[in-house]
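Only one structure is covered here, and it is reproduced in the block below.
The values are calculated or read from the model by the stated rules, or taken from the named source; none is laboratory data. The structure presented is a predicted model; accordingly, all values stated were derived computationally and were not measured. Neighbour counts run over all protein chains shown; Cβ positions are idealised from the backbone, glycine included.
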Amino acid sequence: MKRIRRRGSKDSPVYEATTHDIVVRVVANFTPEQSDPENGRWFWNYVVEIENHGDQVVQLISRHWIITDGLNRVEEVRGEGVVGEQPTLKPRDAFRYTSGSNLSTPTGSMRGSYHMVTDLGLDLVVEIPEFSLDLPGAKRVVN
């Protein structure tokens with residue numbers, strides 16, 4: 001069963017998806033000190049929290065991001081683990097990390113998935129909910 005929802009405040013929404021009893025929450029924030037709009041660079045950091053609500057141990061093996069800018073140009077990023085780690089989550093464990101992305105437009109969105117493996121060797125594809133990358137005060141495109 002997959003469930004997607006958004007919560008949080010207007011200026012800092014929390015995007016959430018549940019797949020295979022794994023909950024993924026994301027909060028993104030524009031980072032002006034790392035942006036350079038005059039040269040077409042807008043930067044966002046995002047915090048991801050992954051919670052294991054299931055009854056099996058799972059390990060995050062790899063990630064797949066789909067990044068879409070304000071002109072609907074799409075970039076896909078694949079790689080092992082997250083922030084240099086392949087965390088293992090026991091039932092009721094959580095893992096949180098912070099990362100970032102830049103765009104050549106002042107708005108966009110990100111979504112993706114994690115490839116995870118259970119302690120029984122089952123492969124799981126866990127959804128990362130789509131979330132907005134918008135300047136403060138701008139109308140959010142996603143959700």
Verdict on G54 being of a type outside the set (F, W, Y) and either part of a loop (DSSP other than H, G, I, E, B) or touching a helix residue (DSSP H, G or I) at 6+ places or on another chain (Cβ under 8 Å) (or both): yes
Might you check whether a residue that is aromatic (F, W, Y), farther than 15 Å from G100 by Cβ and modelled with pLDDT of 95 or more occurs anywhere in the stretch 19-42? no
What are the residues in the stretch 60-77 that are part of a loop (DSSP other than H, G, I, E, B) and surrounded by 14 or more Cβ atoms within 10 Å (Cβ to Cβ), if any? G70
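Within the stretch 35-77, track down each residue that is among the β-branched types (V, I, T) and either farther than 19 Å from Y15 by Cβ or under 14 Å from the mean Cα position of the chain (by Cα) (or both). Explain how you work it out, then say what you get.
The initial filter retains those residues of the stretch 35-77 that are among the β-branched types (V, I, T), namely 47-48, 50, 57-58, 61, 66-68, 74, 77.
Result: V47, V48, I50, V57, V58, I61, I66, I67, T68, V77.
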Cβ-Cβ under 6 Å pairs, at least 6 apart or on other chains, the stretch 13-41 side at positive phi, far side of a type outside the set (D, E): H20/L124; D21/H53; D21/G54; G40/S104
